[in-house]
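Asker: Have a look at this one.
The values are calculated or read from the model by the stated rules, or taken from the named source; none is laboratory data. Since this is a predicted model, take the numbers as computed values, not measurements. Please note: Cβ atoms are built from the backbone with ideal geometry, for glycine as well, and neighbour counts cover all protein chains shown.
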């Protein structure tokens, strides 16, 4: 996805929010805003928003010296998600269409997003999403492709959401490669977070090699790209991965909740909608 | 008022909103955002937000060539306000405390603000504000000072709001100098708007000489400053004038609705609160 005009003010918002996670020093925060304003000036709209995200969080790190400002929050989110896991599994087992319910649960986990200026209430939001209609649903196609796939590449998004990903991975019953970010960025899932979520017990965990809060192939490692281009089935979770991968020529199933108006518009849905969208299906 | 950290992302928002009032050309809009990002980088927090406002709207004008993008909206707002004028006068005459009701009406008019990212419904908002409690009210002091004043300097804010200002000016029954902006900026009231609102019939209209969306004394004409420093009583309407004048050593009565969190915090009130606050009262 290209960078829309409305993304530029939002970059400044992100810079301030990320900065405040790392420091309360007003001078450092002004320095971060100045630096990000300088970056915005030269950022072309044909790059994707997570590329700017990468620069913003690198700037925060360089100026404050804090490498992982979201560490404690990520731990807390994983802990909360794990506490819900047994009940979710129970709901899943009792559900009419287990795969569909698992997909919904995985999307429900996508409410855990600290890069967005929005609060969430995990229990309430999950309960709503389990009943919410899809704005786009390619579930039947997804189910067909899954049945034929020898293995699945599953690109994770946020820490905590990763526990919900585990539920879908367990339900799919296929060998899965779970893709994490190379280094901590916002609350995106890293190898450590994936292990804390128990994903190492149900999937092979690999890094995309990227330091951006989204999967931008140009910034990913060759090893990851090799696997991406040869994967049987690709699931991409969340907005950052959608922003990075919406232009790919590979078949990808995006699962996400549209949490910002710009991404909702790009998808042709409304803010707050849930989406299971496959691209390049032919 | 100084520029707070949260004002910087808001400047980018303002740039985009103002740009879109003047053009729908995406390249021009990106050029505006780039230019404003460049300005933000060098904008020190000890300057007031309307100083940046001035630069933003000047940038929009320079890049798009559109001198007064809010012209039609201002005309429409004045027309709507004038259509309410007879009923408001009737309500005023029937009210228990006419001066207090006129102050409330003048503050109610302050909901007409196109510089803020917020929609308004004039009839509904006025009706609410006429019943709303003041978060800060120096009304008794204001009434005392008004009784003693030979004349009043009344610093206007927005076009349309100017019609509500007229109601208070008529009710005060003192010679009034009504202060307008030198040139069109956002929907701020200019001489032409003041005349369209009928203010020339109840006050002398003068310009502050400023091209900023607020009264920053350093940017005002010497002629205005001379009168400001010798005024018996000064009323300052709205946020932009508060931002410019909150640091003055003159006695000023600010009348406004706090429409942004940052200004509300600076005043020690909540967003949405209405305020009649006098400073330098001793």
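Asker: Restricting to region A:134-152, and then to whatever is touching a residue at least 40 places away in the same chain (Cβ under 8 Å) and closer than 24 Å to residue A:266 by Cα, can you tell me which residue is surrounded by the fewest Cβ atoms within 10 Å (Cβ to Cβ)?
Answerer: Of everything passing the filter in region A:134-152, A:141 is surrounded by the fewest Cβ atoms within 10 Å (Cβ to Cβ).
Asker: Tally the residues that are in contact with a helix residue (DSSP H, G or I) (Cβ under 7 Å, 6 or more places away or on another chain) and either surrounded by fewer than 24 Cβ atoms within 10 Å (Cβ to Cβ) or assigned to a helix (DSSP H, G or I) (or both), restricting the search to region B:235-245.
Answerer: Residues that pass the stated criteria total 6.
Asker: Let me ask something additional. Failed condition for residue B:55, given (1) away from chain A (no Cβ under 11 Å); (2) touching a residue at least 40 places away in the same chain (Cβ under 8 Å); (3) assigned to a helix (DSSP H, G or I), with all others met?
Answerer: (2)
Asker: With the requirement that a residue be touching a helix residue (DSSP H, G or I) at 6+ places or on another chain (Cβ under 7 Å), at the interface with chain B (Cβ under 9 Å from one of its Cβ atoms) and either without any contact (Cβ under 8 Å) to a residue 60 or more places away in the chain or buried (at least 18 other Cβ atoms within 10 Å of the Cβ) (or both), what does region A:1-12 give you?
Answerer: Residues satisfying the conditions are A:5, A:8, A:9, A:11, A:12.
Asker: Determine the pairs where a residue that is more than 11 Å from chain A (Cβ to nearest Cβ), located within region B:20-32, has a partner that is surrounded by fewer than 18 Cβ atoms within 10 Å (Cβ to Cβ) with Cβ atoms under 6 Å apart, the partner being 6 or more residues away or on another chain.
Answerer: Pairs that qualify, where the first residue is more than 11 Å from chain A (Cβ to nearest Cβ) and the partner is surrounded by fewer than 18 Cβ atoms within 10 Å (Cβ to Cβ), are B:22/B:66.
Asker: Next question. Considering only region A:246-282, how many residues are within 16 Å of residue A:129 (Cβ to Cβ), buried (at least 16 other Cβ atoms within 10 Å of the Cβ) and without any contact (Cβ under 8 Å) to a residue 40 or more places away in the chain?
Answerer: 2
Asker: Sticking with this one: Scan region A:74-90 and tell me whether some residue there is away from every other protein chain (no Cβ under 14 Å), assigned to a helix (DSSP H, G or I) and more than 24 Å from the chain's Cα centre (by Cα).
Answerer: yes
Asker: Of (1) assigned to a helix (DSSP H, G or I); (2) in contact (Cβ under 8 Å) with a residue 12 or more places away in the chain; (3) within 14 Å of chain A (Cβ to nearest Cβ), residue B:46 satisfies all except one. Which?
Answerer: Unmet for residue B:46, out of (1) assigned to a helix (DSSP H, G or I); (2) in contact (Cβ under 8 Å) with a residue 12 or more places away in the chain; (3) within 14 Å of chain A (Cβ to nearest Cβ): (1).
Asker: Among the numbered conditions (1) assigned to a loop (DSSP other than H, G, I, E, B); (2) away from every other protein chain (no Cβ under 12 Å); (3) modelled with pLDDT under 95, tell me where residue A:66 comes up short.
Answerer: (3)
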